[in-house]
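What follows is a single structure, written as structure tokens, with notes after it.
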Amino acid sequence: MKVSFIGTGSMGSILIDSFVRSGALEPSQIAISNRTFAKAEQIAVRHPGMRAYPDNVDAISGSNLIFLCIKPLEFKNVIDEIRASVQPEQMIISITSPVLLAHLEEWLPCKVAKVIPSITNLSLSGASLCMYSARVLMEERQMLEGLLSHISEPIRIDEKYTRIVSDLSSCGPAFMAFLLQQFVDAAVEETGIDRDEAVRLASNMLLGTGQLLTEGGMTPEMLQERVSVPGGITAKALTMLGNELDGVFQRLIKTTHAKFREDLEKVDQSFTVIR
Ligand SMILES: NC(=O)C1=CN([C@@H]2O[C@H](COP(=O)(O)OP(=O)(O)OC[C@H]3O[C@@H](n4cnc5c(N)ncnc54)[C@H](OP(=O)(O)O)[C@@H]3O)[C@@H](O)[C@H]2O)C=CC1
Ligand SMILES: O=C(O)[C@@H]1CCC=N1
């Protein structure tokens, strides 16, 4: 199998490094390109045998899978550039939510899919959210998910839930890190505890909590119940949190969805310009 990555920024480089580190792909199976070529070159130097190209068309030649790791408004340019060279049996995969399968189907003469990764894939965990055009055969879906399973748990989703599943899986790490940072800052401010120590404690707590909620078989409700000694300290604090955070996550979801609709509109406009 040969795999190309167009765009070697934050997420592109995470995917490339994770696929190699997990043993899913040999560097020699990977071709990469990036607008600022030096960035792609640096990655190829890290992984001897990987091919870096200054030209996107050269990078996709002969690949089975082509990941577009670029931002929504960059799709117009890249699709314009590669469209004439793409072969019908190749699969182009968008990793961004506001580019719809319908956009890709309309403008690309090949198999198309959407896979939303997560920064957690860097630690070979978390999900890959998979959506397919009807053009992608069952065995091709299995082949892609087989690859993704080296760095994540591939989960097939309905495209109409793209935004909320991305909020949970891909934005979620930033949201949880934000809450952790607030918890740590308050601990330092209220008690004078050393910040590094507080970060270490809170981060290990988050790791263990995640393990209990996944392989440990606990639900969020069970976990709270087990920690909350009746009439104890946690229960008191949870009641306070419930009151203080009332409606916060509804507002968060409204915010992400409003920004998504804005991005979608801009992407739609950019594809209209191609026409
Ligand atoms: N960060 C995350 O946790 C997640 C991100 N995503 C999605 O991934 C997408 C990319 O995000 P991220 O990696 O963070 O963004 P970055 O800005 O870090 O990376 C985008 C890359 O695309 C390159 N690029 C832009 N235009 C072209 C072009 N015409 N040809 C080749 N390369 C090009 C840029 O090159 P240059 O070096 O010149 O700027 C840059 O390296 C976003 O749409 C985001 O929604 C999805 C899930 C999680
Ligand atoms: O911030 C963003 O737009 C992207 C979407 C998912 C994660 N990061």
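Each reported figure results from applying straightforward, stated rules to the coordinates on display, with no laboratory input. Only a predicted model underlies this, so the values are computations on that prediction, with no experimental measurement involved. Cβ placement follows ideal geometry from the backbone for every residue including glycine, while neighbour counts extend to all protein chains displayed.
Given the convex hull over the Cα atoms of the stretch 1-103, what projected area results after averaging over all orientations, in nm²?
Numbers: hull surface 24.4 nm².
For the Cα atoms of the stretch 1-103, the hull's average projected area reads 6.1 nm².
Computed over neighbours whose Cβ is under 11 Å from that of T234, the net charge equals +1, Lys and Arg +1, Asp and Glu -1.
Over the chain, calculate the relative contact order: mean separation of alpha carbon pairs under 8 Å at least 6 apart, over the residue count, as a percent. Worked out over the chain, it gives 15 percent.
Take every Cα pair under 8 Å in the stretch 1-43 that's 6+ residues apart, average their separations, divide by the length, and report that relative contact order as a whole percent.
Once normalised by length, the contact order is 52 percent.
In a DSSP loop and with at most 14 other Cβ atoms within 10 Å, the GluC sites (Glu not before Pro) in the stretch 29-96 are E89.
If you take the Cα centroid of the stretch 21-74 and the Cα centroid of the stretch 85-160, the two points sit 17 Å apart. Take the Cα of S125, go 7 Å toward its beta carbon, and the backbone nitrogen atoms of the stretch 138-160 under 20 Å from that spot belong to 148-155. A cut-off of 5 Å between modelled amide H atoms, ignoring neighbours fewer than 5 places along the same chain, links L129 with I116, I155. Near the amide H of K111, within less than 5 Å, lie the amide hydrogens of Q90, I92, all on another chain or at least 5 residues away, with H placed in the peptide plane. Backbone phi angles across the stretch 164-175, fed through the Karplus curve with coefficients 6.51, -1.76 and 1.60 (θ = phi - 60°), yield HN-Hα couplings of 5, 5, 5, 4, 5, 8, 9, 7, x, x, 5, 5 Hz in residue order; Gly and Pro are listed as x.
If I take all pairs of Cα atoms in the stretch 88-185, what percentage of them are more than 19 Å from each other?
Pairs farther apart than 19 Å: 44 percent.
Fewest-first ordering of E244, E159 by other beta carbons within 10 Å of each residue's beta carbon gives E244, E159.
Considering only Cα atoms, the convex hull volume of the chain works out to 155 Å³ per residue.
Computed 3J(HN,Hα) for the stretch 26-31, one whole-Hz value per residue from the Karplus formula 6.51 cos²θ - 1.76 cosθ + 1.60 where θ = phi - 60°, is 7, x, 5, 8, 10, 10, glycine and proline marked x. In terms of overall dimensions, the stretch 156-275 has a Cα radius of gyration and Dmax of 19.0, 66 angstrom. What the phi angles of the stretch 140-154 give under the Karplus curve with 6.51, -1.76 and 1.60, with θ = phi - 60°, is a coupling list of 6, 5, 5, 5, 5, 5, x, 5, 5, 5, 6, 10, 6, 9, x Hz, glycine and proline written as x. If R₀ is 22 angstrom, what is the calculated FRET efficiency for the pair Q87 and R35, using the beta carbon separation as r and rounding to 0.05? It comes out at approximately 0.40.
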